[in-house]
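Everything below concerns the one structure shown next.
The values are calculated or read from the model by the stated rules, or taken from the named source; none is laboratory data. Computed from a predicted model, the values in this text were never measured in an experiment. No Cβ is skipped: glycine too gets one built from the backbone with ideal geometry, and neighbour counts run over all protein chains shown. To get the accessible areas, we keep the full protein, side chains included, count just its heavy atoms, and leave off ligands, DNA and RNA. Shrake-Rupley method; radii C 1.70, N 1.55, O 1.52, S 1.80 Å.
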Amino acid sequence: AGTASKAGTASKAGTASKAGTASKAGASKVGSSSASAADGKSMHAMSHAIGIAIARLDNQATVADVSAYAEEARVCLGLDTEILAAAMMIAQMLIMEHSLAWHASLTIGYSTGAKLLCDDRFFLADICDYLTDAYSLDQLKAGEKLALSDPDRLIGAQERVRIFRNELIQLLVANIGGLPDNLGVAPSDNFHVLIVDDSPIVRALHLNLVKTCAPGATVHAVDKVELAIQYVDRMENKDTPVKLVLLDLNLDDHQTPAGSASLLWCMSPDNKANGLHVAKGIDPLASDEPVWDMRWKPFTAIISSCIESSGHSRALRHRGADIAMPKPLSPKALKVLCDAAS
């Protein structure tokens with residue numbers, strides 16, 4: 001209920017307007033958005049990640065074609081990151097289990113994913129009116145019925161969508177050098193970032209990076225576990241929730257042993273400066289505190305010099321982080337994280 005209320009309700013607020021006024025307003029932008037990859041305009045990181053993932057599942061698909069279609073849907077239908085992840089989750093199932101073509105699978109994924117996350121405020125007619133006329137309403141209804149044919153898939157759907165989102169972002173982070181230069185959409189002015197690092201130099205570097213990538217963002221920096229959790233709680237109470245947390249794994253370098261023991265020590269519950277205490281403290285479902293209804297779940301990225309392999313990153317993602325990557329944080333990687341959190 002906690003996480004669902006977060007990604008779900010936050011999505012609902014946006015999606016209610018998506019299916020109605022917002023998508024009508026966005027309809028005039030269809031032509032320009034669909035060509036974004038080809039003409040160098042900015043493309044959302046999730047759109048590109050979906051392009052890579054679908055191209056690996058369907059040999060008839062190209063990254064460019066799928067990415068452009070995903071970006072068109074994002075803009076025309078007003079889809080947020082959570083719904084894009086849900087669409088990919090459903091499309092993967094339709095491609096792998098029912099051998100549907102990628103375009104049909106992804107189109108059904110958009111409508112079904114939106115309905116999963118925003119109740120009944122998204123309509124199949126929105127697909128036909130604002131995205132594509134390639135399918136009739138009857139075909140889309142049959143596709144949705146197929147996508148929802150196994151009710152067990154709906155159990156824990158919100159958490160599965162979150163996992164899918166994180167895996168898609170990890171796909172980009174793992175290949176950061178090969179990503180296109182036009183990746184990353186400027187966050188809105190209400191974008192809120194918290195930097196947690198015990199090094200004043202790193203805090204300053206990350207703050208400058210965020211201000212360059214998202215000039216209108218609110219950015220706050222702290223150096224301790226308790227200060228980070230207190231700040232997230234305080235901003236939640238003010239209805240200005242933190243969207244992205246850039247989190248160091250070890251918040252006391254003076255106590256860190258050298259060599260291979262470094263990561264194990266940083267992850268240890270006995271380490272009071274363990275950044276995972278922050279990740280747990282700000283996650284409504286992971287926290288020991290009573291779940292807050294309607295609480296926002298920030299996207300938490302651990303940025304640490306202790307991370308030396310994909311196995312290290314995976315271990316941290318299984319312990320509360322949404323994503324984990326080594327220092328230093330590059331501008332391109334930050335753009336991906338901003339897209340994931342916005």
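In table form, for the structure just shown:
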{"item": "Helices (runs of 4 or more DSSP H) wholly inside region 1-84 containing at least 2 residues that are out of contact with any strand residue (DSSP E or B) (no Cβ under 9 Å at 6 or more places or on another chain), modelled with pLDDT under 90 and open to solvent by less than 30 Å² (accessible area, probe 1.4 Å)", "result": "9-17, 23-27"}
{"item": "Lone unmet requirement of (1) more than 30 Å from Ile307 (Cβ to Cβ); (2) part of a helix (DSSP H, G or I); (3) open to solvent by 20 Å² or more (accessible area, probe 1.4 Å) for Gly177", "result": "(1)"}
{"item": "Verdict on Arg314 being more than 21 Å from Pro200 (Cβ to Cβ), loosely packed, with under 13 Cβ neighbours inside 10 Å and at pLDDT 90 or above", "result": "no"}
{"item": "Single residue of Leu172, Leu183 found to be in contact with a strand residue (DSSP E or B) (Cβ under 7 Å, 6 or more places away or on another chain) and either closer than 19 Å to Thr81 by Cβ or open to solvent by 50 Å² or more (accessible area, probe 1.4 Å) (or both)", "result": "Leu183"}
{"item": "Residue in region 127-138 that is under 30 Å from Ala324 (Cα atoms), in contact with a helix residue (DSSP H, G or I) (Cβ under 9 Å, 6 or more places away or on another chain) and not aliphatic (A, V, I, L, M) present", "result": "no"}
{"item": "Conditions (1) under 30 Å from Ile307 (Cβ atoms); (2) out of contact with any Gly (no Cβ under 8 Å at 6 or more places or on another chain): number failed by Asn182", "result": "(2)"}
{"item": "Tally, over region 206-226, of residues that are assigned to a helix (DSSP H, G or I) and crowded, with 16+ Cβ neighbours inside 10 Å", "result": "6"}
